[in-house]
1. Any residue at all in region 232-244 that is touching a residue at least 60 places away in the same chain (Cβ under 8 Å), more than 30 Å from GLU172 (Cα to Cα) and not acidic (Asp, Glu)?
2. Are any of the residues in region 162-179 under 28 Å from ASP108 (Cβ atoms), assigned to a helix (DSSP H, G or I) and among the hydroxyl-bearing types (Ser, Thr, Tyr)?
3. Report whether or not LEU146 is modelled with pLDDT of 95 or more, surrounded by fewer than 24 Cβ atoms within 10 Å (Cβ to Cβ) and touching a strand residue (DSSP E or B) at 6+ places or on another chain (Cβ under 6 Å).
4. Might you let me know whether region 18-25 holds any residue that is touching a Lys or Arg at 6+ places or on another chain (Cβ under 8 Å) and modelled with pLDDT of 95 or more?
5. Considering only residues that are in contact with a helix residue (DSSP H, G or I) (Cβ under 6 Å, 6 or more places away or on another chain) and not in a helix (DSSP H, G or I), which ones fall in region 90-107?
6. Would you call ILE92 near the ligand (Cβ under 9 Å from one of its atoms) and at negative phi?
7. For a quick check of your reading of the model, give me the residue pairs whose first member lies in region 175-200 and is basic (Lys, Arg), whose second is in a loop (DSSP other than H, G, I, E, B) and near the ligand (Cβ under 8 Å from one of its atoms), with beta-carbon atoms closer than 9 Å and at least 6 apart or on different chains.
8. Would you mention how many residues in region 93-141 are farther than 23 Å from VAL249 by Cα, exposed (fewer than 15 other Cβ atoms within 10 Å of the Cβ) and touching a strand residue (DSSP E or B) at 6+ places or on another chain (Cβ under 8 Å)?
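The values are calculated or read from the model by the stated rules, or taken from the named source; none is laboratory data. On a predicted model such as this, the values are computed, not experimentally measured, just so you know. Backbone-built Cβ (ideal geometry, glycine too); neighbour counts: all protein chains shown.
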Amino acid sequence: MADFEGRVAVVTGAAHGIGRATALAFGRAGASVVVADHGDAGEAVAEEVRASGAEAVFVRVDVARAPEVAALMEATEARFGRIDCLFNNAGIEGQQAPTAEATLENWDRVIAVNLGGVFYGMKYAIPALLRAGGGAIVNNASVAGLVGFAGASAYTASKGGVVQLTRTAALEYAAQGIRVNCVCPGVIDTPMVERVIQGSPAVRDAMASMQPLGRMGTPEEIAQTVLFLSSDAASFITGGVFPVDGGYVAR
Ligand SMILES: NC(=O)c1ccc[n+]([C@@H]2O[C@H](COP(=O)([O-])OP(=O)(O)OC[C@H]3O[C@@H](n4cnc5c(N)ncnc54)[C@H](O)[C@@H]3O)[C@@H](O)[C@H]2O)c1
């Protein structure tokens, strides 16, 4: 387990799923954690992190609103004095509909949260990372940023955009000691996927068998990759796009 003692990590969308698992993992590894989410459940996750012995605070933020993301980073620096790691994770699945039937509202919201949220996160955290002497950013894209998914135009466009934002920021800040990478999860067993499954065992089996490994991933399996990419063990890795997908994109 990497040592994040003395480091400060901001995790967006940390109230549930992959973000929650990553916030807990950062805490177990000794980081001070900012649990950022637009939902009330973030306070309970911050409490879980504190129960593991790390410092943690919950900050309410809608990542689609630039001023709120700026305030998140300001609050983090005010509370902990620095930002070393940022996991831009908050995201929504949006509606399932072919492109011509997808609503404009869905397009606007999915792009605003999934793509805008990652841009705002980097825009407002990078000055703090520079003040801290460098750091590591991990963005949460998806296998849907690498291949097409019928019925998910806004989602796939947003995640493809996250891949490109990652590469661009990696080039821009490499010389100043900030590494920027992204993970591309396959189907991971989280509340987001539960909403898609809607309690159907047949849909659950179908989604599990999409992965050559024959199962869904766990939020903890993504968290481990995020911690690695955020750690000094990944000191020569930047601009990387990492499928964590049970072999999904290998086909
Ligand atoms: N679960 C999967 O199979 C899967 C696969 C690939 C990528 N992802 C990506 O991983 C990320 C996390 O997904 P998850 O499955 O854990 O989702 P989830 O729905 O289980 O959890 C998402 C969290 O983000 C928060 N959130 C949503 N919109 C927000 C906003 N505007 N501002 C702040 N917080 C917000 C929610 O409150 C929730 O706590 C997303 O970006 C998602 O697209 C998930």
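1. no
2. Our first condition is that a residue be under 28 Å from ASP108 (Cβ atoms); within region 162-179, this holds for 162-170, 172.
Checking which are assigned to a helix (DSSP H, G or I) leaves us with 162-170, 172.
Among the residues that remain, those that are also among the hydroxyl-bearing types (Ser, Thr, Tyr) are: 166, 168.
Yes - at least one qualifying residue is present in region 162-179.
3. Working: modelled with pLDDT of 95 or more: yes; surrounded by fewer than 24 Cβ atoms within 10 Å (Cβ to Cβ): yes; touching a strand residue (DSSP E or B) at 6+ places or on another chain (Cβ under 6 Å): yes.
Against the criterion (modelled with pLDDT of 95 or more, surrounded by fewer than 24 Cβ atoms within 10 Å (Cβ to Cβ) and touching a strand residue (DSSP E or B) at 6+ places or on another chain (Cβ under 6 Å)), LEU146 qualifies.
4. Our first condition is that a residue be touching a Lys or Arg at 6+ places or on another chain (Cβ under 8 Å); within region 18-25, this holds for none.
No.
5. ALA90, GLY91, ILE92, GLU93, GLY94, GLN95, ALA102
6. On the way: near the ligand (Cβ under 9 Å from one of its atoms): yes; at negative phi: yes.
Answer is yes for this residue.
7. Hits for this filter: ARG195/GLU93.
8. Adding up the residues that qualify gives 2.
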